[in-house]
Structures are given as C-alpha cells and as structure tokens.
Amino acid sequence: MPTLKFAVLAGDYIGPEVMQEALRVLAHVARQENLQLDYQSADVGGAGIDNHGKALPDSTLRVCEQADAILFGSVGGPKWEKLPPKEQPERAALLPLRKHFTLFANIRPGLLYRELTDASPLKTDRIPDGIDIVCIRELTGGVYFGQPKTTTTLPDGDVQAIDTMVYRRSEVERILKVAIETARGRKGKLCSVDKANVLETSVLWRKTVTEYVARHAPELTLSHMYVDNAAMQLARDPNQFDVFVTENMFGDILSDEMAVICGSLGMLSSASLGAGKNSLGLPFGLYEPAGGTAPDIAGKGIANPCAQILSAALMLRFSFGLDGVAKRMEAAVKKAVTGGIRTGDIAFGRPSVGTKAMADAVIAAL
Ligand code: IPM
Ligand code: MG
C-alpha cells in the first residue's frame with residue numbers, strides 16, 4: 001500500500017480549523033484509494049513562538065526534513081504583531097522554510113467556477129465562463145532575500161533602509177522551466193511579467209525568458225508584459241492570460257489580485273516546489289492555502305476549508321504523483337461549492353454551512 005509521509009504544520013487562528021477538515025477529507029480519500037497516511041504534526045508560526053520560543057522550531061524543521069511534503073496551514077496574527085518584525089511568524093517561519101528547502105517555484109491557480117461568477121468583484125459579463133489562469137511566482141530570490149538588507153542611522157542622523165533585488169540567470173531559467181511545463185499542460189500560452197523599462201533584474205529576466213523559450217519551447221505563445229500593465233489587464237480581462245510567470249514580489253502582489261478577482265480567498269490553494277526531490281524521486285513541496293489566518297473569523301467554525309483541501313490535492317499531484325486522485329478531490333470540491341452553497345458567503349471565505357459541513361459536502365461528493 002503506497003504511504004504518504006508528510007508534515008502537518010497547521011499554524012495559527014483558522015489554520016488548525018481548516019487543517020482538521022482537510023485531514024478528514026484526506027483520510028476518506030486514503031480509504032477509497034487504499035493509501036496509507038503517515039503524517040506528523042508540528043508547531044509553526046505563533047504556535048511555535050508560544051510553545052518553543054521560536055516561529056520555526058528546530059524540532060519542526062526536523063519533522064519536515066523527514067517527510068516527503070509539507071501540508072501547511074497559515075501563520076501570524078494580532079497576538080504576535082508587537083514582536084520585532086524579524087521575529088514575526090510570517091518572516092521568521094514561512095520565509096526561512098521556503099529558503100531552507102529551496103522552494104523556488106510557487107504555483108498559484110486562479111480558478112473561479114462558472115457557477116460562482118457573481119462572487120467575483122468583476123462584472124460577470126467579463127468572465128462568463130469563470131476564470132482559469134495560473135500564476136507561477138519565483139519564491140526564493142528577488143528583493144525578499146537579496147543582500148544587503150539593512151536599516152542604519154546615517155552620520156547626519158537620517159535613517160536609511162536598504163533592500164536589494166538580485167536575480168541570476170540560472171534562477172530565472174529554473175522558474176521558467178516550471179512555467180513552461182505548466183503552460184504545456186494547458187493552453188500553451190505563457191506571459192512573462194517584469195519591469196524591464198526600469199529594473200536591471202527585469203532586463204536580465206526578459207532576455208533570459210526570450211532566449212530560453214525560443215530555444216527550448218518554441219511551440220509556446222510567449223508574451224511579455226510590464227507589471228503595472230499586468231495588474232490592470234488582470235482586472236480588465238483575466239482570461240487573456242493562461243499562465244503567467246514573474247519574480248517574487250510582483251508575484252506576491254499579482255497573486256493577491258488574482259485571489260480577489262476569483263471571488264474568494266477561501267478557495268485558493270498553492271504549491272511551493274523545491275529544487276530537491278523527496279524519497280519518491282518527486283519534487284519536495286510545501287502546500288498552503290493563500291488566504292491567511294483570518295483572525296476575525298477564527299474559532300467560529302465558519303472558515304472555508306476548501307483552499308486547504310485543494311492544497312492537499314496539489315500535494316498528492318506534485319509530491320506523490322497521484323494526479324488522478326488530485327483531480328477527483330478537485331472535482332469533489334467543485335461539486336460541493338457549486339451545489340447549493342450560497343456564493344455570497346463563499347466570497348468572504350465563509351461557507352454558509354460552516355467549516356465542518358463544507359468538508360462533509362466534499363466527502364459526500366468524493
Ligand atoms: C504570500 C504571503 C507571504 C509573502 C508573506 C506572509 C511573507 O503574502 O505567501 O503571498 O509575501 O510571500
Ligand atoms: Mg502574499
């Protein structure tokens with residue numbers, strides 16, 4: 001019986017609530033498919049700070065190192081906001097985790113089912129068939145990690161902060177390979193987003209993309225777009241994109257825009273894939289919902305578990321090679337949310353039926 005060995009890092013606020021439901025769905029799938037679940041839970045984020053004095057405790061890192069994938073919830077919230085910025089859960093847990101495992105490829109599907117188009121802030125006549133695009137974001141480079149990164153008081157008493165944006169050609173090529181594979185599996189359209197009219201890193205990015213695609217993927221339809229225009233085009237006509245690929249910070253911003261036009265933060269999953277392979281020879285990855293910890297609705301049993309369930313499906317696809325099972329889970333989520341649950345509630349990440357009942361509906365559809 002195939003064994004799925006993964007780490008469960010539920011995190012804070014709604015993290016554990018939606019994680020519990022995703023694990024229940026996974027247990028159901030495992031019974032149906034004759035799979036063995038072998039997961040270990042560990043503290044991360046605020047839970048790490050409270051229980052171990054560190055957002056990413058060493059013991060948690062060990063659990064992750066022994067696993068084939070990480071199923072992640074979400075971290076951070078008001079309880080830890082007064083800590084120095086460098087110690088806050090987001091910066092002290094998520095970013096080091098990405099760096100430690102070289103999780104350079106962040107795949108964020110932007111999906112809005114046709115049945116739920118009125119949950120989008122876009123006019124429904126612009127998206128008659130819903131939205132179906134993918135953001136591929138570089139995740140371990142750029143201004144997030146570039147050195148120097150400092151704040152200093154200058155001789156004249158003024159204070160100066162520096163962040164550094166750095167990219168190497170090899171970093172651009174490796175994220176591009178993921179984007180090319182993704183576009184090949186879809187409509188074959190790839191848009192590279194940069195700011196090549198201003199930034200050196202973007203000039204290198206655009207040159208690298210142009211040359212690499214011409215040589216290795218000439219069958220794709222490649223376009224380039226400045227990031228400010230891309231932000232506008234996403235709001236105007238999102239389905240003009242199929243797959244877009246971009247650097248770390250641009251991807252952070254555009255993927256939030258993508259989330260909102262897709263109607264609900266509670267529906268969006270993501271996969272962060274590493275350079276390294278797991279014990280199955282497949283990409284090691286971290287799988288997390290895009291919505292955050294939602295402290296305002298935590299503890300009420302109303303958070304939408306779908307993004308966590310869909311993230312678990314991505315884990316099965318990429319880190320365990322179970323594409324068929326992942327598709328079945330995705331179809332079950334679609335059936336559950338388009339089958340009578342009020343879209344207005346979904347739009348705010350709160351299924352009208354509650355967290356547990358939403359997961360029950362997914363299980364019933366499996
Ligand atoms: C994301 C988040 C993170 C990021 C934060 C929490 C550090 O916004 O995954 O998009 O900026 O990458
Ligand atoms: Mg973000």
**Average Cα contact separation per residue, the chain, under 8 Å, 6 or more apart, as relative contact order %** = 21
**Item:** Least to most buried among LYS187, LYS195 (fewest other Cβ within 10 Å first)
**Value:** LYS187, LYS195
**Complete:** Given 353-366, 235-248, the highest-first ranking by average Cβ count within 10 Å works out to 235-248, 353-366
**Asked** LYS300: which lysines have alpha carbons under 18 Å from its alpha carbon, excluding same-chain residues fewer than 8 sequence positions away?
**Response** LYS79, LYS356
**Prolate/oblate/rounded call for segment 121-261, Cα gyration tensor, a/c under 1.5 rounded** = oblate
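Note down the magnitude of the dipole of the chain about its Cα centre, charges +1 on Lys and Arg C-beta and -1 on Asp and Glu C-beta and zero elsewhere, to the nearest 20 debye.
740
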**Message:** Could you tell me the calculated FRET efficiency between LYS327 and THR152, based on Cβ-Cβ distance and R0 = 56 angstrom, to the nearest 0.05?
**Reply:** 0.60
**Request:** Rank these for me by crowding, THR153, THR338, THR182, going from fewest to most other beta carbons within 10 Å.
**Result:** THR153, THR338, THR182
**Message:** Contact order normalised by length for segment 230-323, with contacts defined as Cα pairs under 8 Å and 6 or more residues apart; what percent is it?
**Reply:** 26
**Asked** Could you give the distance between the Cα centres of segment 101-163 and segment 1-69, to the whole Å?
**Response** 25
**Prompt:** What fraction of the DSSP beta bridges in the chain is antiparallel, stated in percent and rounded to the nearest 5?
**Reply:** 45
**Request:** May I have the count of lysine pairs in segment 121-261 with C-alpha atoms under 27 Å apart, counting pairs 8 or more residues apart or located on different chains?
**Result:** 12
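Where a number appears in this text, it was derived from the coordinates with a stated rule and is not lab data. Because the structure is predicted, anything quoted here is derived from the model rather than measured. Cβ: placed from backbone, ideal geometry, glycine included. Neighbour counts: every protein chain shown.
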